[in-house]
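Read-outs: derived from the displayed coordinates by stated rules, not from any lab. Worth saying up front: this structure is predicted, and the values here are computed from it rather than measured. Glycine also receives a Cβ, built like all others from the backbone with ideal geometry; neighbour counts cover every protein chain displayed.
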Ligand SMILES: Nc1ncnc2c1ncn2[C@@H]1O[C@H](COP(=O)(O)OP(=O)(O)OP(=O)(O)O)[C@@H](O)[C@H]1O
Ligand SMILES: [Mg+2]
């Protein structure tokens, strides 16, 4: 088994508040890993460590080893190259107020791709990969903000794909979507894992069961239990996991 991420003895503080305790976690490549657990337990915090989004938070102190393909994310990899390799999609669409085309072409342009034919090709491929091409091929020059919420979320995924990442981090990508758009994003995850590693935070346990190969259950800044999704949901070893997935708290 080859791991995309290996996290070893990680602890994280926001100032004097400790948000993550003794995290050890391996994320296999080309699979979907779900992070579940009650609000405030550290899911987004750990997700953001994987592409160093926490660097922007003043007072945030990260300890331990975070390896991407065996390379140390905090010591060996340059942050711009890391962010290109590890893309992120947030809870709410954060498209730029520009055309659909320019949103997708933005990343490739910053990385030096200027030729129109090449950009056209990237835009079309990514929109197709994100299962949104048919809905926007006739309006590429129109504002991305004119698309529906569900369409905007798939555009965010297309934009993340445009810089050819290896990993896509998703923080509750469907929490603001209707059931049909949610299913589209879920189908997309299942399709994308053929080429990418996906780590997704979700409050929706059915969603974790539908799409995740493995699931990690967080509580109070610790990973209480991690394993194959089916085992976590059908035969949790930990009492707290059992109570959480049984709906007794959360
Ligand atoms: N920038 C920050 N500064 C200080 N504390 C923070 C910061 N971000 C998060 N925290 C705290 O760290 C803890 C973990 O937060 P985090 O956002 O990782 O939780 P979460 O599991 O993603 O919750 P939710 O399901 O509500 O999104 C919380 O107690 C939160 O208040
Ligand atoms: Mg969160």
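Annotations
- Each listed q (0.25 Å⁻¹) maps to a log10 I(q)/I(0) for the stretch 139-213, found by the Debye formula over equal Cα scatterers with no solvent: -1.29.
- In nm, spacing of pseudo-spin labels at residue 128 and residue 213 (7 Å Cα→C-beta vector): 2.5 nm
- Seen against the Cα atoms of the chain and their longest principal axis, helix 116-129 is set at about 50 degrees.
- Cα shape, the stretch 173-250, gyration tensor, a/c 1.5 rule: prolate
- Exposure proxy order (Cβ contacts within 10 Å, fewest to most) of 233, 35: 233, 35
- Packing-based ranking, highest mean first, of 109-116, 17-24, 225-232 given that Cβ atoms within 10 Å are counted: 225-232, 17-24, 109-116
- Protection proxy ranking for 183-192, 213-222, using the average of other Cβ atoms within 10 Å per residue and placing the highest first: 213-222, 183-192.
- The stretch 126-226, relative contact order [Cα under 8 Å, separation at least 6], %: 24 percent
- 22 Å tail of the calculated P(r), the stretch 3-245, as % of Cα pairs: 53 percent
- Taking all Cα pairs closer than 8 Å and separated by 6 or more residues, the relative contact order of the chain comes to 27 percent.
- Highest-MSF residue in the chain out of 134, 120, 72 [GNM, Cα springs under 10 Å]: 134
- When the stretch 104-175 is reduced to its Cα atoms, the Kirkwood hydrodynamic radius in Å: 12.6 Å
- Measuring r between the beta carbons of residue 75 and residue 243 and using R0 = 30 Å, the FRET efficiency lands at 0.20.
- Two-site label geometry, residue 14 and residue 143: point separation in nm, points 7 Å out along Cα→Cβ: 3.2 nm
- The fewest-to-most ranking of 154, 139 by surrounding Cβ atoms within 10 Å reads 139, 154.
- Efficiency of FRET between residue 96 and residue 3 - r from beta-carbon atoms, R0 30 angstrom, step 0.05: 0.35
- The calculated Kirkwood hydrodynamic radius for the stretch 1-78 is 13.0 Å, given to one decimal from all distinct C-alpha pairs.
- On Cα atoms only, tilt of 100-110 relative to the major axis of the chain in degrees: 70 degrees
- Principal axis dimensions, the stretch 55-148 - Cα atoms, whole angstrom, descending: 48, 28, 21
- Most mobile listed residue (117, 162, 34) in the chain, GNM with C-alpha springs under 10 Å: 117
- Spacing of the two label points (7 Å from each Cα toward its C-beta) at residue 31 and residue 235, in nm: 1.6 nm
- Folded to 0 to 90 degrees: helix 149-161 orientation relative to the chain principal axis, Cα: 90 degrees
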